[in-house]
Structure formats: C-alpha cells, structure tokens
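Peer 1: Starting off with a structure, shown below.
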There are 4 protein chains.
Amino acid sequence: MSTRYNRIAGQSVERLAALSDGIFAVAMTLLVLGLRLPVAQDIHSERDLGRALAALAPQLVTYLMSFLTLGIFWVGQQTQLNHLARSDRDFAWIHLAFLFAVTITPFSTMLLASFIHYRLALLAYWCNILLLGVVLYASWGYAMRARLTKNDMPSDVPAAVCHRIMIGQALYAFGALLCFFSTYWSIGFIVAVQVNYAAAPRIPRLFRR
Amino acid sequence: MSTRYNRIAGQSVERLAALSDGIFAVAMTLLVLGLRLPVAQDIHSERDLGRALAALAPQLVTYLMSFLTLGIFWVGQQTQLNHLARSDRDFAWIHLAFLFAVTITPFSTMLLASFIHYRLALLAYWCNILLLGVVLYASWGYAMRARLTKNDMPSDVPAAVCHRIMIGQALYAFGALLCFFSTYWSIGFIVAVQVNYAAAPRIPRLFRR
Amino acid sequence: MSTRYNRIAGQSVERLAALSDGIFAVAMTLLVLGLRLPVAQDIHSERDLGRALAALAPQLVTYLMSFLTLGIFWVGQQTQLNHLARSDRDFAWIHLAFLFAVTITPFSTMLLASFIHYRLALLAYWCNILLLGVVLYASWGYAMRARLTKNDMPSDVPAAVCHRIMIGQALYAFGALLCFFSTYWSIGFIVAVQVNYAAAPRIPRLFRR
Amino acid sequence: MSTRYNRIAGQSVERLAALSDGIFAVAMTLLVLGLRLPVAQDIHSERDLGRALAALAPQLVTYLMSFLTLGIFWVGQQTQLNHLARSDRDFAWIHLAFLFAVTITPFSTMLLASFIHYRLALLAYWCNILLLGVVLYASWGYAMRARLTKNDMPSDVPAAVCHRIMIGQALYAFGALLCFFSTYWSIGFIVAVQVNYAAAPRIPRLFRR
C-alpha cells in the first residue's frame, strides 16, 4: 500500500519549481529584516543619520552576500530542474531538504550580521552553505540514478553540474578557513568569489558576440 | 443567480495550486522567525555564543518538525491536485480551509517552541495537524463525489490516498497521547515518524534500481 | 511614444495572476503575525496557558474573518481573470490598486484585533472591504468596455459577477452599520455572512449529486 | 568547463518571471509592516484612535509611493520579459541584481517614513529607484545584444522601452532634487508623477473606445 502511494506522490516538477521559487522569493526578501532602522531618538541631524547609515555597512555586506548565495543556489537548482522530465517522491523530499536549508539562511545571515567578529557565527553560516551544496549534489546524483532527466540532455551536462558544485564548495570551505585569521577576510573572500561567479563570465561573453 | 455564480467561480486547479504553493512557501519560511537571535549584550566570547546556539536546540527541533509537517501535507495536497481534471467553487473553499490550517502552523510552532514543557501547547499543535488531515481527507472525498478527478486515474489511487492519511493521523494521535508521559516523548515520536516518512522509502527504492 | 509603450505593457494575464496569488498568499499568511504569543513570564501552569490561549479568542475571530475576506476576494478575482482572453496596461493598474487593498488587509486586521471595542477600527476595516469591492467592480466594468473577455464566455456571466459583488457589499455595509449598536454585532454578522458564503452552497450541491 | 555550465544555467524565462513575481509580491506586502499600530495604552477614546490614525498619514503616503514604485517596475520588467524568447545565465544575473533592488525597497521605504524630514533619507530612497532604473535599462540593452528577444517583436518596441525608462528616471531625479527645498515637495512631486503614470493614460483610452 505504501509503495503505491509513494509512486503517485510528488510527481510534478512544475509544482516543485513553484514552491522553490516561492521559498527563495520569501527568503531573499526576509533578508531585508536584518537591516535594522536607525533609532529615531538618536538622530538629530543629517550628519547623525549619515553616520547611522554608514554603521549599517557590515549588515549590508552580509545581506548582499546572502542574496548572492541564494541567487547562486537558485540558478543551480533551476539548472537541474530544467533537465528533468519528471520528478518522484524521493526527489521531492531531497528538494524539500534543500529548501529547508534555504529557509534557514535568513537566520544564519542575521546571526552573522549581529556577531560578525565571532568565528562561530561565520562557521554556522558556512555550515548553511555546505548543507545547500551537499543536498544539491545528492539531488543530482539521485536524479541520474533514478533516470529522471530528459532524453535530449547533452551528455556533458552531468559532469558540468557536479564539477561546478565541487569547485564552489571548495572555494567556500577555503573562505571559511580564513576565519581563523579574521572573519572579515572570510567574508571578503566569499563575496569576491560570488561577485566573480555572478559577474565575470559576462565579460568574455560580451566580447564573443 | 447565486447558483450561476457558484458554477463559474473557483474552477482553476492551476490557480489553486499557485496560491497553495505561495502559502506553503511563506509559512515554511516564516517558521524561521521562531528562531530568536541570541541577545548581543549576553555574548562576550565564542563560548558564550556556542552556549547560546546550543540553547536554541529545542526551537530548532520544533522548526524541523513543522517544516516536515508542512512538507508532508504539501506532498499530500499536490498528489490530490495532480489527479484532478478540474476544480469547482466548493472544492476551492475546502482547500482554502486547508490553507487556513497551513497559515496557522507558524503560530502553533512558536507556541510549542516557547512552552515546550506544557501539554496544552503540544495538544494545540496536534489539533493543527489534525485539522490539516481532516480537511485534506474531506477534500478527497468531495473530489470523488463531485467527479473532479481525471478519467485516466488508476483505480487504486483513491484507496491509497485515504489509507495514507488515516495511518498518518493515527500515528500523530498516538504521538500526541504520549504527552501525558512527557512532551519530549511526543515530539521525539512525531519527528521519528516524519523522518521515517520522508526518508525511509528511499532506501528500498535505491536498492531496487 | 507614450501610447506605444502603453500598448505593449501589462499584457500578460498569467503574470497578473501569478503576482496576485503571491500577494494573496503573503497577506493571508502575515495575518498570523496578529496572533501574539502569550508572554513566557506570565505562564506558570497549564491553567495559565489555557487562560492565555482563551484570551486570544477575539484575535482568532478577526484572523478568521480576514482570511475569509481575502479568500472571498481571491475567488472573485480568479473568476474574473478566468474569463479574460488578454489584459492591457490599464487593466493591470486597476488590479494593482486591488492588490494594494489586499496588502493593507493585515494592517486593518491587526488594528481591529487590537481595538476591537472601537467603532473607528471597525469602520476602517469596512473601508478596506469596500475598497476591495469597488475596485473589483470597476475592474469588471473596464474589462467589458475594453473587450478583454473570451469570446466563449456565457452571456449570463457579466450580470452574475456584478450581482454577486453588489449583494456582498450591501451585506458588508449593513454589518458595518451594526457597529453603532456594538462592534461585536458587526463582527458576528460579517463572519456569519462569510461562513454562509463559503460553506452554505455546498449543502444543496451535496444533495443534488 | 565553466563556459559549459554557463551555457546550461539560467535559461528559463518562466522561472525568472516566477521568482520575480514572488519577490515583488513579498516586497509589496512587507511594506505594510511600515505602518505601525497605535500603542494600546495611549488610546482611551474614539477620538484618540482617530488622532493616532491621522498621524499615520505620512507613513501611508510613503507606503502608497513605494507600492506605486514597485508596481511601475513590475509592469516595466514584465514588458521586457514578455518580449523574450529565451534567457541565459547573464540575463538571469542582471535580473537578480534588479530583484536585489526590489528586496531593499521595504527598507528604504521605512527609512523614509521614519525620517521624512531628512534629505538623506529621501536621497537614499532615490538611489534605490535609480538602481532599479539603471539595472532595468542595462537588462534591456543586454537582451538586445544577446538576441534574446522574440522574432515577432515589433520594431518600435526597443526604442519605446528605453525612452520610457529615461523619461521616468529624469522625472525621479528632478523630484529628488526638490528635496533641497523640502522633502515634502519631493514626495509630492514623485507621487504625482506616479499617479499620473498609473492612472492618466486610462482617460484618453476610455474615450477612444
């Protein structure tokens, strides 16, 4: 009986994509709650407000970093789902685990923004990224084993997907290690890697056309 | 006149699915607001932060439990909707009642996380799960009576859907009863059932292929 | 130039529906933030917790009322959009005004829950409902004038849509007037009308089949 | 290897639209959190409540302004995406930058509502609008260069899209400059421009039909 239910459950790639887009959208927007407004009674002049806004810079950087993190994993998940012909119940649950890691990102971001000098806050943040990467890697492996992919998928796609996740996670792990020097080095390195990931491939592409 | 309006209202399964995905996405992500950040002035060292994070463990477990609850009911609702050819106004309202129970989940989760030693908090949480199950069961019954399902639905699907909800609710009810020993037993039992539900069927499946 | 841009903007009914489903989903789920958790230091026994939860009853009723309000208008908007072949820029803006009224609903709900004895809070809530109804009515009128509807729409649909909105608004207005006796009468009357709207047509339908 | 991944990533216009609708929906609804409820212990009569609600007027105006801002950019983005045949990874990242500016809007709105007399708050708000406009302009430029548009796009669409963004940004910049007289003038001017944008083109259109 149980197997029968499991065969009919969780078959819609479209609804998995819709839930994912919703969760990413809410998580990305909730990040903004980490930016706390200046307290009104501390502000008596334009200069006070300027200083209060400048003091928000670390929160703004962690906000940007988390938005980039979520953006990168959104692109990564989308790339996988685009190559699937169908889903099944187990695949749906692997992605629910992935989405769990997405929903916890606003928390680990606010933790890091509030305790930016503490290695532990940075390592907690890194665990979050690691979890996202490990589950996304496992999801692809499962999709291959269970033959969920489309027939017309080019044969070099699987290796490219795996390779990309491994490289990314290696760089994140190196960035996390840097926290034993300084958490600022970690954050700087991770943001640099992410901005490079998001922006750099555009430059050769613009020349190519 | 009223019947005429009722016949033209609420006919889109797609929009019902879209609203549902949105509400599940927001509810799943709002759960994270139940994880309260450590208070900055209590933290003076890495060790303080470590202790403050360790103290979040009960909240993290209730968070995980609620995410699993919502994930299970999301899969369950999706399974039903996938077998529907069309919706009608009454079906839409049954699902709005279901979604009402979804939106209240972040509240009952925070209630349980804040009052984890109190049987009443656990029973309130269980009522929430019970409501989700009863409405989903009623929704399937209505869909069968009103012949909303697709013609090509395999004949064993209806029994599998009903059976699954009954088994699940029986286990939840047993878990809730355990609170008369200890609320921790209840939570542990429910999480174990849920993790088993989400993960266990994967193991035989991996062997089968 | 301006006319040219206006002709190409806002033509997608699908994206308008997607934005609407998103906004309804967020607004419906944000309502739960109006249910405030009991304060931990006031609770020393199961009985204290029971009393604190019982004291939430008025908030729970306003929460339910607003969920029903949003559900009714979601069904109403969906019914209109289902009959459209296309959208245009003006229609998109009428619906953005409608969605503005949707996003303000969590505020007017919390206002009413916090000041439940005050006529002004009830009248503010009613203005919100009135705005939703007026804009939805105007939207249908515009869609008819601009010939956005599908060709195969049955000829009695337009009158049914208008009639339904008028009846509903008349009942809401009567309910709001009752606040000059007591705001509780208003709330009770409105909830009764809404529950009847959501549930009652099901009973004859169940018998018919 | 990297190029290979970049070719397969971010190709779905539908999922980009879905994420965008989700983020716009959440951001538009989060604006309501900027409307703070009157404090219960300050309210002892209907008159007190009336005064407290009247005092919310500036927040309500900034709320409306931000809702209009987001509505305008939602229509603008939708217009672009409707003309695309496909997306690519770079285009997805340009739109993620656009969505970053959308998620920060609730923050800059609350900043402006709280510090409405301060030029700096108004200039920060304007920077937000400027960022939205610049990225949307760049996105269109990229889509043209990378030939992502549909073949059947009318030839006058590109100029209309660019022209519209330029005119809008020029008016916003003029409005921002007015803050050196008074921030109220700025807000009044911007709201007037936006209401005109949203509502005015309807009038000739209604006459035309």
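Please treat every number below as a calculation from the coordinates, not as lab data. All values derive from a computational prediction rather than experimental measurement. Cβ sites come from the backbone with ideal geometry, for glycine too, and all protein chains shown count toward neighbours.
Peer 1: Can you list the distances in nanometres, one decimal and ascending, from the A:Ala40 label point to the identical position in each other copy, with the point 7 Å along Cα to Cβ?
Peer 2: 2.1, 2.1, 2.9
Peer 1: Could you check the simple spin-label distance between D:Arg145 and A:Arg86, using points 7 Å along Cα→Cβ, in nm with one decimal?
Peer 2: Going from the D:Arg145 label point to the A:Arg86 one covers 4.3 nm.
Peer 1: Another question, then. Rounded to the nearest 10 degrees, what's the angle between the helix A:89-103 long axis and the longest principal axis of chain A, both from Cα atoms, 0 to 90?
Peer 2: With rounding to tens, the tilt is 0 degrees.
Peer 1: Please list, by residue number, everything in region C:97-118 whose backbone N is under 17 Å from a paramagnetic label point 7 Å out along Cα→Cβ of D:Asp48.
Peer 2: C:111-118
Peer 1: Partner chain Cβ atoms within 10 Å, averaged over the residues of A:141-149 - can you pull that number for me?
Peer 2: 1
Peer 1: Can you list the copy-to-copy distances for C:Met144, using a point 7 angstrom from Cα toward Cβ, in nanometres, shortest first?
Peer 2: Computed spacing set for this position: 4.3, 4.3, 6.1 nm.
Peer 1: Could you list D:Met144, B:Met110 so that the one with the fewest beta carbons within 10 Å of its beta carbon is first and the one with the most is last?
Peer 2: Ranked by crowding around the Cβ, least crowded first: D:Met144, B:Met110.
Peer 1: What is the helix-to-structure angle for D:57-82, meaning the angle in degrees between its Cα long axis and the longest Cα principal axis of chain D, kept from 0 to 90 and rounded to the nearest 10?
Peer 2: 10
Peer 1: Compute the angle between helix C:183-199 and the longest alpha-carbon principal axis of chain C, please, reported from 0 to 90 degrees and rounded to the nearest 10.
Peer 2: So the helix axis and the longest Cα principal axis differ by about 50 degrees.
Peer 1: Taking the beta-carbon count within 10 Å as an exposure proxy, list D:His83, B:His95, B:His163 from fewest neighbours to most.
Peer 2: Neighbour counts put them in this order, fewest first: B:His163, D:His83, B:His95.
Peer 1: What is the distance in Å between the Cα centres of region C:127-173 and region A:31-55?
Peer 2: First find each Cα centre; the distance between them is then 46 Å.
Peer 1: Output, in nm with one decimal and in ascending order, the distances from the B:Phe181 label point to the matching label points of the other copies (7 Å from Cα along Cα-to-Cβ).
Peer 2: Those label-point separations list as 5.4, 5.4, 7.6 nm.
Peer 1: Another one. What's the average, rounded to a whole number, of partner chain beta-carbon atoms within 10 Å of each residue's beta-carbon in D:94-101?
Peer 2: Counting other chains' Cβ atoms within 10 Å and averaging over D:94-101 gives 4.
Peer 1: OK, next. Mind giving me the nanometre distance, one decimal, between the label points for A:Ser155 and B:Val39, set 7 Å out from Cα along Cα→Cβ?
Peer 2: Taking the simple label geometry, A:Ser155 and B:Val39 are separated by 6.4 nm.
Peer 1: Give me C:Tyr137, D:Tyr142, B:Tyr125, A:Tyr172 ranked fewest to most by other Cβ atoms within 10 Å of their Cβ, as a rough exposure proxy.
Peer 2: Lowest to highest Cβ neighbour count: C:Tyr137, D:Tyr142, A:Tyr172, B:Tyr125.
Peer 1: Pop the C-beta distance of B:Phe174 and A:Ala173 into the FRET formula with R0 = 56 Å and round what comes out to the nearest 0.05.
Peer 2: Result of the calculation: an efficiency of 0.85.
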